[in-house]
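The values are calculated or read from the model by the stated rules, or taken from the named source; none is laboratory data. For clarity, every value in this text was computed on a predicted model and none was experimentally measured. Cβ sites come from the backbone with ideal geometry, for glycine too, and all protein chains shown count toward neighbours.
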């Protein structure tokens with residue numbers, strides 16, 4: 001839907017903020033959204049949005065990806081099942097995929113993925129930040145306020161802050 | 001893996017696999033395994049508890065019901081369906097796992113999952129974190145007002161609750177209203193700029209459904225029906241599940 005609104009001109013994101021910074025982003029394809037529901041077409045739509053938001057040259061795909069992507073290990077209740085050690089062992093497959101991209105950020109457009117990918121970064125020397133797509137879309141629209149940056153790293157905390165005086 | 005070889009104790013008749021086959025279209029193709037291992041080789045849960053998807057399916061085929069129905073592995077498979085996606089026979093191993101979960105007595109299922117399911121059943125909000133209707137409405141209105149003031153460009157932004165006839169009924173994971181309410185706002189702004197006609201509902205707003213993960217069919221359905229009714233009662237056209 002974000003993609004449709006961008007094409008219709010209702011949303012006009014710009015990746016200028018990242019033109020000189022060249023911060024690299026990768027993208028987690030949520031199993032529920034992609035493989036289990038809408039397939040590769042929605043994965044392509046997500047990439048369209050991500051490239052508009054961070055700049056095409058700053059997007060690095062994981063391998064494998066889209067419908068063939070590895071699950072992060074956050075789904076199916078795994079996060080709440082109490083098997084933390086096994087969940088992190090499962091997530092290491094995903095962690096290795098993310099590490100191989102050398103990206104600074106992993107975008108996770110799914111709540112479960114966000115929680116899991118964030119957690120497995122903590123057992124991988126916090127090698128990447130884990131961020132919602134809505135956060136970056138707001139950043140690229142110039143409307144991301146100071147209190148909506150919980151999941152941005154230090155490198156982006158101060159970038160194009162909307163109404164910085166409202167910081168809490 | 002170096003595991004000890006599986007010992008088959010004579011001619012055992014699989015009850016569990018046959019039962020699941022009756023539930024699934026085309027029996028879930030559960031008898032069609034070519035033993036190629038494409039499932040296991042691309043499964044992040046391979047090796048946990050000495051199990052993998054191929055082994056699980058083969059053990060089911062061999063009638064080793066006791067072993068597969070007592071393995072914690074069913075709670076470590078996220079049912080992501082990659083095994084089925086890469087399988088040349090499209091064997092529905094995730095459904096075999098789901099139905100294995102369903103066989104567990106409730107008191108033995110992981111507490112984190114069953115207690116979240118129980119919590120969701122307490123309120124019509126379906127919130128696994130126990131947020132009630134008043135709490136949710138208060139948080140949304142409070143946060144909205146704060147942002148309308150602090151970011152005047154969004155003074156006209158809306159986050160309606162229970163507005164009848166809105167096109168989209170937006171659901172919301174409990175984590176934001178309960179623990180990090182500011183994280184709701186970026187999506188509201190996007191919807192505002194796009195001119196989307198949307199509403200929250202005090203009933204059925206919570207996006208999560210742990211009864212599904214618990215493989216508690218009766219309550220899973222109950223949660224879905226509660227949410228669907230909430231959407232229908234407001235006359236919304238689209239039930240929108242977000243990031």
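Condition check: assigned to a loop (DSSP other than H, G, I, E, B) and buried (at least 22 other Cβ atoms within 10 Å of the Cβ). Does residue B:117 satisfy that? Here the answer is no, as residue B:117 does not meet what is asked.
Of all residues in the stretch B:81-109, those that are in contact (Cβ under 8 Å) with a residue 24 or more places away in the chain, assigned to a loop (DSSP other than H, G, I, E, B) and closer than 17 Å to residue B:40 by Cβ total 6.
May I ask you to verify whether residue B:237 is touching a residue at least 24 places away in the same chain (Cβ under 8 Å), closer than 22 Å to residue A:38 by Cβ, away from every other protein chain (no Cβ under 11 Å) and surrounded by fewer than 16 Cβ atoms within 10 Å (Cβ to Cβ)? Here the answer is yes, as residue B:237 does meet what is asked.
When residues in the stretch B:16-32 are screened for being touching a helix residue (DSSP H, G or I) at 6+ places or on another chain (Cβ under 6 Å), surrounded by fewer than 20 Cβ atoms within 10 Å (Cβ to Cβ) and in contact (Cβ under 8 Å) with a residue 40 or more places away in the chain, 2 of them pass. Candidates are the residues of the stretch A:81-112 that are within 12 Å of chain B (Cβ to nearest Cβ) and out of contact with any helix residue (DSSP H, G or I) (no Cβ under 9 Å at 6 or more places or on another chain); the one that is farthest from residue A:29 (Cα to Cα) is A:85. Within the stretch A:122-132, is even one residue out of contact with any strand residue (DSSP E or B) (no Cβ under 7 Å at 6 or more places or on another chain), modelled with pLDDT of 95 or more and at the interface with chain B (Cβ under 8 Å from one of its Cβ atoms)? Yes; the residues of the stretch A:122-132 include at least one that is out of contact with any strand residue (DSSP E or B) (no Cβ under 7 Å at 6 or more places or on another chain), modelled with pLDDT of 95 or more and at the interface with chain B (Cβ under 8 Å from one of its Cβ atoms). Within the stretch A:91-113, the set of residues being touching a residue at least 60 places away in the same chain (Cβ under 8 Å), assigned to a helix (DSSP H, G or I) and within 25 Å of residue A:18 (Cα to Cα) comprises A:98, A:101, A:113. If you go through the stretch A:38-51 and pick out every residue that is in contact (Cβ under 8 Å) with a residue 40 or more places away in the chain and either buried (at least 20 other Cβ atoms within 10 Å of the Cβ) or within 19 Å of residue A:101 (Cα to Cα) (or both), you end up with 4. Scanning the stretch A:97-139 for residues that are under 19 Å from residue A:51 (Cβ atoms), more than 12 Å from the chain's Cα centre (by Cα) and surrounded by fewer than 23 Cβ atoms within 10 Å (Cβ to Cβ) yields A:101, A:102. Scan (1) free of Cβ contacts under 8 Å to residues at least 40 places away in the same chain; (2) farther than 20 Å from residue A:145 by Cβ; (3) in a loop (DSSP other than H, G, I, E, B) for the single condition residue B:228 breaks and write down its number. So residue B:228 meets the others, but not (3).
Inspect all residues belonging to the stretch A:3-11 and state whether any of them is in a helix (DSSP H, G or I) and under 14 Å from residue A:109 (Cβ atoms). Taking every residue of the stretch A:3-11 in turn, at least one turns out to be in a helix (DSSP H, G or I) and under 14 Å from residue A:109 (Cβ atoms). The one condition from (1) facing chain B (nearest Cβ under 7 Å); (2) in contact (Cβ under 8 Å) with a residue 40 or more places away in the chain; (3) more than 26 Å from residue B:77 (Cβ to Cβ) that residue A:73 does not meet is (3). State yes or no: is residue A:50 in contact with a strand residue (DSSP E or B) (Cβ under 6 Å, 6 or more places away or on another chain) and either away from chain B (no Cβ under 14 Å) or within 16 Å of residue A:114 (Cβ to Cβ) (or both)? Spelling it out, residue A:50 is indeed in contact with a strand residue (DSSP E or B) (Cβ under 6 Å, 6 or more places away or on another chain) and either away from chain B (no Cβ under 14 Å) or within 16 Å of residue A:114 (Cβ to Cβ) (or both). Taking the condition within 17 Å of the chain's Cα centre (by Cα) and surrounded by 16 or more Cβ atoms within 10 Å (Cβ to Cβ), does residue B:79 pass? In short, yes. Any idea how many residues of the stretch A:142-158 are surrounded by fewer than 21 Cβ atoms within 10 Å (Cβ to Cβ), over 13 Å from the mean Cα position of the chain (by Cα) and more than 7 Å from every other protein chain (Cβ to nearest Cβ)? So the count comes out to 6.
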